[in-house]
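Each remark here refers to the structure printed beneath this line.
The values are calculated or read from the model by the stated rules, or taken from the named source; none is laboratory data. Since the structure is predicted, the reported quantities are computational estimates derived from the model, not experimental observations. For neighbour counting, all protein chains shown are included, and Cβ atoms are generated from backbone atoms with ideal geometry for every residue, glycine included.
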Amino acid sequence: MLVEHFRDLPGFPGSFSDYFAVRTGANEISGGANNKLVAWSIDAVPNGVEHYGLDADPLELDSLHAAGGQLAAERAAMRASLAVLRRCGMPGQASCASAETVVEELFYGGFD
């Protein structure tokens, strides 16, 4: 699932935090875990990432953004998924339905 918040008013006078997030569910990219990755930016400048394992941390209190190993691999897959989904539907890009298929193929070989 793609979740996003961004400034849609050109020339807005103040700094503004934007975020784009992707959430996985059971049997998805994360191999059965519920995870969420949030990428933050301020005035279009990247400003951090949060990664939560929602099964163990449903209140999102402890970000896993610095963890290595398997969590780093999950985070990389989620970041790639987010990049594909953020561009979908834009001029010259794939439709969002096609982007979902690309994500499925990239991370676990397609739909069962």
- Query: Is one or more of the residues making up segment 34-52 at pLDDT below 60 and either more than 18 Å from Arg86 (Cα to Cα) or of a type in the set (A, V, I, L, M, F, W, C) (or both)?
  - Reply: no
- Does segment 59-75 contain at least one residue that is closer than 15 Å to Arg23 by Cβ, hydrophobic (A, V, I, L, M, F, W, C), at pLDDT below 85 and not in a helix (DSSP H, G or I)? no
- Item | Long-range neighbours under 7 Å by Cβ, at least six apart or interchain, first residue over 14 Å from Ala39 (Cα atoms) within segment 49-70, second among the basic types (Lys, Arg) and surrounded by 15 or more Cβ atoms within 10 Å (Cβ to Cβ) | Leu54/Lys36
- Residue list for segment 93-112, restricted to those being aliphatic (A, V, I, L, M), modelled with pLDDT of 80 or more and assigned to a helix (DSSP H, G or I): Ala97, Ala99
- Note on the structure: Checked segment 71-87 for anything surrounded by fewer than 17 Cβ atoms within 10 Å (Cβ to Cβ) and more than 9 Å from the chain's Cα centre (by Cα); matches are Ala72, Ala73, Ala76, Arg87
